[in-house]
Amino acid sequence: MSQKEVNYGPLANFLGVWEGESGVDRAPKPQGDKTTEFYEKITFSPVGDVDNAEEQDLVVVHYHQVVTRKSDGKVYHNQTGYWMWDKGSDEVMFSIAIPRGVCVLANGSCEQGGDVNFKVKAQIDDPAYSILQSKFMQERAKTEAFEIDLNLSADTLSYSQTTFLDIYGRKFEHTDTSSLKKKA
Ligand code: HEM
């Protein structure tokens, strides 16, 4: 792993601290759903180059996302992981750890024009890009798939994501959308 003269490619402009005030979360409740407005802060930090099996050349950025409910100022979601870009194949990978006993590894593609756009997904039955979760979550609040569409345009970062759940005896699309500006 090296941090010297790293070309972060499509990840370069993510580095820094981002804040948003327009997040909307739709989460499951036993009798339906709940929509919550949130503030958030996402910090992207450089990790460097990572070589796998002397063959795969990744560049990696660490992220940490902290989400605060507008109504009472309480942090109610905290997530961390990595965005990884494979220089050779242009594949993008996204890892998520959330403090419910759930981890995700998603993959997909990157489009670079004026904007940078990443679309990645994971599915429980995919042999590589899948979801690892506790026994409790498998039985009571199972994540079956995840997808995110992340867009970087000048100084605005926005995303739309869906976590496909099996909870309270039904299928539920847990969605989050947000838009953030770079603060540092
Ligand atoms: C901005 C991002 C997110 C926010 C604000 C958020 C918020 C929430 C909220 C408020 C609930 C309902 C909790 C309750 O009723 O007690 C929930 C449930 C859940 N979320 Fe998220 N979530 C986010 C992202 C994610 C992601 C990325 C995953 C996994 C890939 C995830 C997995 C789950 C699961 C498995 C549940 C079901 C647990 C339950 O409702 O008891 N969430 N989330």
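The values are calculated or read from the model by the stated rules, or taken from the named source; none is laboratory data. A quick note: this is a predicted structure, and the numbers were derived from the prediction, not measured. Ideal geometry is used to build each Cβ from the backbone, glycine not excepted, and the neighbour counts take in all protein chains shown. Keep in mind that these areas ignore ligands, DNA and RNA; they rest on the heavy atoms of the full protein, side chains included. Shrake-Rupley method; radii C 1.70, N 1.55, O 1.52, S 1.80 Å.
Could you order 164, 136, 172 so the one with the most accessible surface comes first? Probe is 1.4 Å.
The ordering from most to least exposed comes out as 136, 164, 172.
Using a Gaussian network model of the chain whose springs link C-alpha atoms within less than 10 Å, name the residue from 125, 72, 115 with the highest mean-square fluctuation.
In the Gaussian network model the winner is 72.
Keeping the other protein chains in place, figure out the carbon and sulfur percent of the accessible area of the chain, with a 1.4 Å probe.
48
Taking a probe of 1.4 Å, how large is the accessible area per residue of the chain, in Å²?
54
With a cut-off of at most 11 other beta carbons within 10 Å, and DSSP calling the residue loop, which GluC sites (Glu not before Pro) in the stretch 46-92 qualify? Please list them. Don't jump to the answer; show the numbers that get you there.
Working: sites: 54, 55, 91; in loops: 54, 55, 91.
Passing both the DSSP loop test and the Cβ count: 54, 55.
Hey, what did the stretch 9-182 get for relative contact order, percent, Cα under 8 Å, at least 6 apart?
Working: 448 pairs, mean separation 32.3, N = 174.
It comes to 19 percent, rounded to a whole number.
Taking the Cα centre as origin and putting +1 on Lys and Arg beta-carbons and -1 on Asp and Glu beta-carbons, what dipole magnitude results for the stretch 9-182, to the nearest 20 debye?
Details: 18 positive and 27 negative charges, 219 e Å.
Dipole of the stretch 9-182, to the nearest 20 debye: 1060 debye.
Between residue 15 and residue 140, how many nm apart are label points set 7 Å from Cα along the C-beta direction?
Result: 4.3 nm between the two label points.
Out of 32, 23, 81, any idea which swings most in a Gaussian network model of the chain, alpha carbons joined below 10 Å?
Checking each option, the largest mean-square fluctuation is seen for 32.
Under 5 Å between amide H atoms, partner at least 5 residues away or on a different chain: which partners does residue 142 have, H built in plane at 1.01 Å?
HN-HN under 5 Å from residue 142: 166.
Rounded, prolate or oblate: which fits the chain when a ≥ b ≥ c are the square roots of the eigenvalues of the alpha-carbon gyration tensor, with rounded for a/c under 1.5 and prolate only if a/b beats b/c? Please list the in-between numbers first.
Working: a/c = 2.04, a/b = 1.33, b/c = 1.53.
The shape class here is oblate.
Please give the solvent-accessible surface of residue 167 in Å², to the nearest 10, using a probe radius of 1.4 Å with every protein chain present.
20
Counting other C-beta atoms within 10 Å, and keeping those with at most 13, which DSSP coil GluC sites (Glu not before Pro) do you find in the stretch 1-47? Walk me through the numbers before you get to the answer.
Values: sites: 5, 19, 21, 37, 40; in loops: 5.
Counting only loop positions with at most 13 other Cβ atoms within 10 Å, the GluC sites (Glu not before Pro) in the stretch 1-47 are 5.
How far apart, in nanometres, would the label points at residue 173 and residue 119 be if each is projected 7 angstrom from Cα along the Cα-to-Cβ direction?
Each label point lies 7 Å from its Cα, and together they span 1.5 nm.
Given points 7 Å out from each Cα along the Cα-Cβ axis, report the residue 183 to residue 62 separation in nanometres with one decimal.
Going by the 7 Å Cα→Cβ label model, 1.9 nm.
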